[in-house]
């Protein structure tokens, strides 16, 4: 994902790569960030957070929750805005992010794809129209290295559907079925998770009724969609000084 972001920034004519960060001990430390593109950009990859942010206006963060929170603290102290593509945050961690957003502008989304965020709006409409007689299941698939499940995008889809139906996802979600489970509770929203290979990201919300079913699906064939969405978010933050925003605000939907 880092390489996709660097490539997208390098190809854009209105943004500049000011820094590139990696974990301490990474073999990439000290190397030119754009060397993999066959050109030198003059920005060395570093694990020194303050050095990496020194000339930056916006940090695009795709890491892990603990790393993101540490980065947010540094960004707040340096006045750097943040685009968060990391997923897997607990409610307490989300509250910490909201506190940082009182001082700097933060754009946070479980998925940076423009298409996924359009799908979220479609799901809202579908859930309201199919509020009776339809069972709802969310199925997602990702690569073998993904560490959180269900994915942040799958949870966002479930939250959109639950809200449209007037339900609380925490109370109606079912995350696994095994053994004799009994008849399906029609008020629940089910989740199924697949992990394997190099699947970038597939998400389907199934509305299963009697005699018909509707499937709303998004499939990612390249991580470039997340990079391009992240750049749109960074551009959006250019005029913001504080607050927390989502892709709906970025896209105007």
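The values are calculated or read from the model by the stated rules, or taken from the named source; none is laboratory data. Everything quoted here is computed from the prediction, not taken from an experiment. So basically every Cβ, Gly included, is an ideal-geometry build from the backbone, and we count neighbours across all protein chains shown.
Let's see how each residue does on (1) outside the structural domain of residue 139 (by TED's automatic domain parsing); (2) surrounded by 14 or more Cβ atoms within 10 Å (Cβ to Cβ); (3) within 24 Å of residue 94 (Cβ to Cβ):
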| position | (1), (2), (3) |
| --- | --- |
| 184 | no, no, no |
| 194 | no, no, no |
| 197 | no, no, no |
| 206 | no, yes, no |
| 210 | no, no, no |
| 240 | yes, yes, yes |
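Looking for something surrounded by fewer than 13 Cβ atoms within 10 Å (Cβ to Cβ) and within 26 Å of residue 111 (Cα to Cα) - is there at least one such residue anywhere in the range 56-63? Checked the range 56-63: no residue is surrounded by fewer than 13 Cβ atoms within 10 Å (Cβ to Cβ) and within 26 Å of residue 111 (Cα to Cα).
The residues listed here are 154, 126, 192, 162; of these, the one that is part of a helix (DSSP H, G or I), touching a strand residue (DSSP E or B) at 6+ places or on another chain (Cβ under 8 Å) and either without any contact (Cβ under 8 Å) to a residue 24 or more places away in the chain or closer than 25 Å to residue 222 by Cβ (or both) is 154. Looking at this structure, is residue 154 in contact with a helix residue (DSSP H, G or I) (Cβ under 6 Å, 6 or more places away or on another chain) and modelled with pLDDT of 95 or more? Considered against the rule, which asks whether it is in contact with a helix residue (DSSP H, G or I) (Cβ under 6 Å, 6 or more places away or on another chain) and modelled with pLDDT of 95 or more, residue 154 comes out as no. For the range 84-111, a tally of residues being at pLDDT below 95 and in a loop (DSSP other than H, G, I, E, B) returns 9.
The set of residues in the range 15-28 that are more than 14 Å from residue 230 (Cβ to Cβ), part of a loop (DSSP other than H, G, I, E, B) and out of contact with any strand residue (DSSP E or B) (no Cβ under 6 Å at 6 or more places or on another chain) comprises 16, 18, 19, 23, 24, 25, 26, 27. Within the range 41-52, the presence of at least one residue that is in a helix (DSSP H, G or I), touching a strand residue (DSSP E or B) at 6+ places or on another chain (Cβ under 7 Å) and farther than 26 Å from residue 153 by Cα is confirmed. Just to be sure before I move on: is residue 72 touching a strand residue (DSSP E or B) at 6+ places or on another chain (Cβ under 9 Å), assigned to a helix (DSSP H, G or I) and either surrounded by 13 or more Cβ atoms within 10 Å (Cβ to Cβ) or in the same structural domain as residue 16 (by TED's automatic domain parsing) (or both) in the structure I sent? So residue 72 fits the description; yes.
Taking the stated definitions as given, is residue 176 surrounded by fewer than 20 Cβ atoms within 10 Å (Cβ to Cβ) and modelled with pLDDT of 95 or more? It is false that residue 176 is surrounded by fewer than 20 Cβ atoms within 10 Å (Cβ to Cβ) and modelled with pLDDT of 95 or more. In the same structural domain as residue 9 (by TED's automatic domain parsing), touching a helix residue (DSSP H, G or I) at 6+ places or on another chain (Cβ under 9 Å), in contact (Cβ under 8 Å) with a residue 24 or more places away in the chain and assigned to a helix (DSSP H, G or I), is that true of residue 59? So residue 59 does not fit the description; no. Each residue in the range 122-155 was checked for being more than 18 Å from residue 189 (Cβ to Cβ) and surrounded by fewer than 15 Cβ atoms within 10 Å (Cβ to Cβ), and 4 pass.
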